[in-house]
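Inspection log for the structure reproduced underneath, given as structure tokens.
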There are 4 protein chains.
Amino acid sequence: MTQKKPSRQERAQDRGEAIIAAALAEFTAHGFAATRVEDIARRAGVAKGTVFHHFADKEGLFEGMARAVLKPWIDHIDSVRLEPGRSVRETVGAFLRPLIREVAGPRGDVVRLFISEGLRFPRLAEFYYREILSRVLDIQRRLLAAAAERGELAQPAIAEFPQLVGAPLIVGVLWHGLFQRIDPLDLDALVTTQLDCLFVPSQRPAGSPMSRGEP
Amino acid sequence: MTQKKPSRQERAQDRGEAIIAAALAEFTAHGFAATRVEDIARRAGVAKGTVFHHFADKEGLFEGMARAVLKPWIDHIDSVRLEPGRSVRETVGAFLRPLIREVAGPRGDVVRLFISEGLRFPRLAEFYYREILSRVLDIQRRLLAAAAERGELAQPAIAEFPQLVGAPLIVGVLWHGLFQRIDPLDLDALVTTQLDCLFVPSQRPAGSPMSRGEP
Amino acid sequence: MTQKKPSRQERAQDRGEAIIAAALAEFTAHGFAATRVEDIARRAGVAKGTVFHHFADKEGLFEGMARAVLKPWIDHIDSVRLEPGRSVRETVGAFLRPLIREVAGPRGDVVRLFISEGLRFPRLAEFYYREILSRVLDIQRRLLAAAAERGELAQPAIAEFPQLVGAPLIVGVLWHGLFQRIDPLDLDALVTTQLDCLFVPSQRPAGSPMSRGEP
Amino acid sequence: MTQKKPSRQERAQDRGEAIIAAALAEFTAHGFAATRVEDIARRAGVAKGTVFHHFADKEGLFEGMARAVLKPWIDHIDSVRLEPGRSVRETVGAFLRPLIREVAGPRGDVVRLFISEGLRFPRLAEFYYREILSRVLDIQRRLLAAAAERGELAQPAIAEFPQLVGAPLIVGVLWHGLFQRIDPLDLDALVTTQLDCLFVPSQRPAGSPMSRGEP
DNA sequence: AATGAATGAGCCTTCATTCAT
DNA sequence: TATGAATGAAGGCTCATTCAT
């Protein structure tokens with residue numbers, strides 16, 4: 001098996017990725033202010049100066065890291081489709097379930113990091129809204145509109161507040177970060193319960209395939 | 001009218017309060033890490049050293065401030081009662097409404113501060129849970145149990161998740177801090193919609209004796 | 001002999017002066033860019049942080065030092081008077097002589113420092129012009145006007161160029177800094193020769209005491 | 001028309017010249033300390049490492065640049081001749097006039113740079129003295145000796161101080177760099193006035209062609 | 001010879017905390 | 001108790017120089 005020797009450029013890109021990975025770990029562990037660039041460098045196995053070779057400054061590094069982390073999430077978001085024969089409830093559930101799993105694990109730290117630093121740095125909040133939230137809300141709004149049309153909504157007003165769909169996820173992520181050790185919370189059940197409140201079984205004409213997806 | 005000359009102890013207490021007020025303002029404005037003790041001292045009208053006479057260190061000052069801020073909230077929480085002739089839905093609404101108003105204003109900053117710093121300092125989170133959250137959850141749990149008994153719950157499982165009652169409030173507070181400028185959100189309507197989903201009009205037969213549930 | 005114990009404020013002022021003295025020494029020795037604040041602190045016998053307690057930053061320290069150094073010069077300048085019975089030539093000579101002596105010694109370093117940093121920092125040049133040069137030029141202009149009136153000027157145009165009076169001093173200071181080791185220059189004689197070229201013995205009515213001041 | 005492909009050596013020389021030109025621009029703009037090698041490289045259109053292939057280090061680059069810049073000046077200096085039928089005054093004037101023009105323009109920056117950095121780096125001052133100043137002074141001395149012989153000198157002592165000839169030029173260059181914006185100075189008139197003070201119309205026997213000062 | 005990524009010593013500046021008055 | 005000058009460890013960032021490609 002031939003392993004091509006990596007070119008200088010490739011090595012540079014690898015370093016950049018190593019720095020981002022290290023930054024992710026350090027920033028989530030200590031927050032922006034308390035994270036030392038030197039620790040990031042050490043963890044990435046590079047010299048301090050190398051970090052500034054790849055990113056203009058500490059803030060730029062944070063942004064670069066955020067961008068890299070958010071990338072796969074955007075892909076996930078864009079993959080949502082309301083497929084025929086599937087209730088809105090099922091579709092939303094299918095969208096949320098992987099997020100729940102991610103967010104209950106180490107990725108929860110990232111979300112909490114974005115929340116807590118976003119509160120301090122408006123630019124980050126704007127970036128987060130533009131790249132992630134606006135997309136999610138658009139999709140949820142469309143799904144809720146479809147649900148309203150099909151009579152799946154428990155309350156008509158829900159269609160105005162797509163935030164209610166994600167609310168238990170957000171609360172759950174915060175809870176995990178703040179109180180999980182003291183008073184554990186079943187994130188999955190929390191979300192499911194919320195969905196049970198928002199949606200009612202669709203009143204389709206008999207003969208249509210009833211979705212059995214969600215328990 | 002004679003103004004009693006304040007005793008040494010009284011003056012000391014006044015200073016303590018001034019420091020706490022200043023700390024509240026500065027911490028909410030900049031967060032724990034970015035707040036300088038000197039700025040707090042200046043705002044309080046005392047010397048930097050004086051701050052350290054009243055509090056062991058910066059963290060102790062933060063805790064002292066948190067304690068003082070949370071005090072009136074505890075009183076509000078302890079005042080909740082399920083009064084006869086009042087639905088659970090109404091009671092919960094009456095509890096949440098003043099919070100919504102507070103939280104949409106400058107007090108929202110404090111909540112966001114506590115969330116943001118609680119994620120970083122477990123002791124603060126524990127303190128917050130012990131003093132505030134556990135009480136709120138207890139009360140909500142009791143109310144939800146009563147609601148379940150009366151058939152006011154849209155889903156039985158809701159009784160297990162009192163967090164769902166506060167969820168829109170939390171989400172709303174974060175939204176105000178992060179995205180309100182970009183995409184305003186009606187906090188009041190958000191909460192109301194959530195309550196509409198959690199509760200259904202009680203199905204008691206007319207004239208039936210109203211439950212006395214809460215002591 | 002009772003030596004009053006210095007108050008805290010007095011000690012602080014002493015430190016400020018020590019820092020300025022140290023800054024003068026270090027800046028003249030290495031220039032602004034190559035001088036380390038830490039070295040200034042060490043030389044002044046204070047901690048590094050103390051320097052920033054007295055001055056906002058390195059540049060502010062430089063300015064403070066410049067201000068302190070220039071103070072006595074201003075006093076010297078303001079003391080110039082064209083006394084009766086004294087030729088302009090003598091008056092100018094009396095003004096320049098102490099400067100020559102200062103400038104040939106360690107004070108020359110300061111002048112060279114101001115020239116070389118002034119070229120880089122316009123604000124310093126402006127400060128220098130406002131505080132020192134404009135005063136000197138005013139006085140020289142007035143003296144040259146008097147000289148013109150008395151027929152002491154070798155050329156009428158000289159009255160337009162008070163800079164010519166100081167020119168040999170400036171050139172001499174630079175020469176001392178640049179080439180004195182290689183090719184020594186007699187600063188005193190240089191200035192005297194220039195004055196001999198600018199002024200002619202005054203054509204006062206016979207009988208008036210002719211000043212022979214300058215050799 | 002065929003463009004000969006430049007040999008490796010020629011390309012190397014071109015690069016060296018480009019680097020020197022870039023170094024001149026950057027050094028005069030920011031001074032030695034504040035100039036970044038990277039900026040020089042970028043301006044020269046080469047990589048940072050290339051600069052260090054052509055010059056040992058930053059200081060070597062400065063010296064190389066100085067050498068290149070001074071070359072044409074040396075030629076100008078060596079061209080001075082006291083031609084028959086021309087007064088010393090005229091000859092000196094003819095020598096200074098192009099310098100005045102150069103020095104009032106962008107070349108003034110170079111002179112100021114050499115002064116400013118020469119004060120900091122003795123080797124540069126020595127180099128400057130050896131290559132330029134000693135030649136100029138030799139020539140001036142010879143001219144002044146001739147002037148003395150012809151009775152053109154206003155004062156005999158002037159012959160000892162050739163520095164007085166260039167003094168107004170130096171002062172003027174500094175003035176342009178330091179105060180020209182605040183208080184403009186006519187460099188040409190300044191030099192002319194000084195020459196008027198140093199020289200008197202030659203006392204040649206009648207019939208000899210009288211020089212009429214400046215053409 | 002040219003490149004430019006990587007290095008790491010160095011420096012300015014901040015700020016919580018101490019302590020003599 | 002109050003003061004605020006002093007401290008000094010810590011950390012972000014710069015940039016001349018090196019060296020593998």
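The values are calculated or read from the model by the stated rules, or taken from the named source; none is laboratory data. Source: prediction; values computed, not measured. Backbone-built Cβ (ideal geometry, glycine too); neighbour counts: all protein chains shown.
Data for the structure
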read-out	value
Within the range D:55-87, tally of residues that are more than 24 Å from the chain's Cα centre (by Cα) and of a type in the set (Val, Ile, Thr)	0
Cβ-Cβ under 6 Å pairs, at least 6 apart or on other chains, the range C:123-135 side within 7 Å of another protein chain (Cβ to nearest Cβ), far side part of a helix (DSSP H, G or I)	C:125/C:118; C:125/D:178
Filter pass, residue D:66 being within 22 Å of residue D:169 (Cβ to Cβ) and among the aliphatic types (A, V, I, L, M)	yes
Selection within the range B:182-192 - over 21 Å from the mean Cα position of the chain (by Cα) and facing chain A (nearest Cβ under 8 Å)	B:182, B:183
Matching residues in the range A:156-168 - criterion: being at the interface with chain B (Cβ under 8 Å from one of its Cβ atoms) and either in a helix (DSSP H, G or I) or touching a residue at least 24 places away in the same chain (Cβ under 8 Å) (or both)	A:157, A:158, A:160, A:163, A:164, A:166, A:167, A:168
Some residue of the range A:60-75 being over 30 Å from residue A:136 (Cα atoms), without any contact (Cβ under 8 Å) to a residue 40 or more places away in the chain, away from chain B (no Cβ under 14 Å) and more than 16 Å from DNA strand E (Cβ to nearest atom)	no
Any hit, the range A:64-72, residues being within 30 Å of residue A:150 (Cα to Cα), surrounded by 15 or more Cβ atoms within 10 Å (Cβ to Cβ) and more than 16 Å from DNA strand F (Cβ to nearest atom)	no
Residue match in the range B:109-116 (condition: without any contact (Cβ under 8 Å) to a residue 12 or more places away in the chain and aromatic (Phe, Trp, Tyr))	no
Residue check for residue A:112: surrounded by 15 or more Cβ atoms within 10 Å (Cβ to Cβ) and part of a loop (DSSP other than H, G, I, E, B)	no
Per-region count, the range B:22-54, residues over 24 Å from the mean Cα position of the chain (by Cα) and of a type outside the set (Gly, Ala, Ser)	13
Sole exception among (1) farther than 20 Å from residue D:107 by Cα; (2) β-branched (Val, Ile, Thr); (3) in contact with a Gly (Cβ under 7 Å, 6 or more places away or on another chain) for residue D:50, by number	(3)
Residue B:142 vs. criteria among the charged types (D, E, K, R) and closer than 18 Å to residue B:69 by Cα	no
Residue within the range D:137-147 that is modelled with pLDDT under 95, surrounded by fewer than 15 Cβ atoms within 10 Å (Cβ to Cβ), away from every other protein chain (no Cβ under 13 Å) and over 21 Å from the mean Cα position of the chain (by Cα) present	no
Count of residues meeting criterion [within 12 Å of DNA strand E (Cβ to nearest atom), under 26 Å from residue D:173 (Cα atoms) and within 12 Å of another protein chain (Cβ to nearest Cβ)] in the range D:19-53	1
Top-ranked residue in the range D:46-55 [being more than 8 Å from DNA strand F (Cβ to nearest atom) and closer than 22 Å to residue D:124 by Cα; ranked as surrounded by the most Cβ atoms within 10 Å (Cβ to Cβ)]	D:55
Condition check for residue D:151: within 7 Å of chain C (Cβ to nearest Cβ), farther than 16 Å from residue C:172 by Cβ and either touching a helix residue (DSSP H, G or I) at 6+ places or on another chain (Cβ under 7 Å) or surrounded by fewer than 20 Cβ atoms within 10 Å (Cβ to Cβ) (or both)	no
From the options D:12, D:22, D:33, residue that is outside the structural domain of residue D:148 (by TED's automatic domain parsing), surrounded by 13 or more Cβ atoms within 10 Å (Cβ to Cβ) and either touching a strand residue (DSSP E or B) at 6+ places or on another chain (Cβ under 6 Å) or more than 30 Å from residue C:115 (Cα to Cα) (or both)	D:12
Evaluation of residue B:80 against (1) within 14 Å of another protein chain (Cβ to nearest Cβ); (2) in contact with a Phe, Trp or Tyr (Cβ under 9 Å, 6 or more places away or on another chain); (3) touching a residue at least 40 places away in the same chain (Cβ under 8 Å) (one fails), failing number	(1)
Residue in the range D:94-109 that is within 14 Å of chain C (Cβ to nearest Cβ), of a type in the set (Gly, Ala, Ser) and more than 16 Å from DNA strand F (Cβ to nearest atom) present	yes
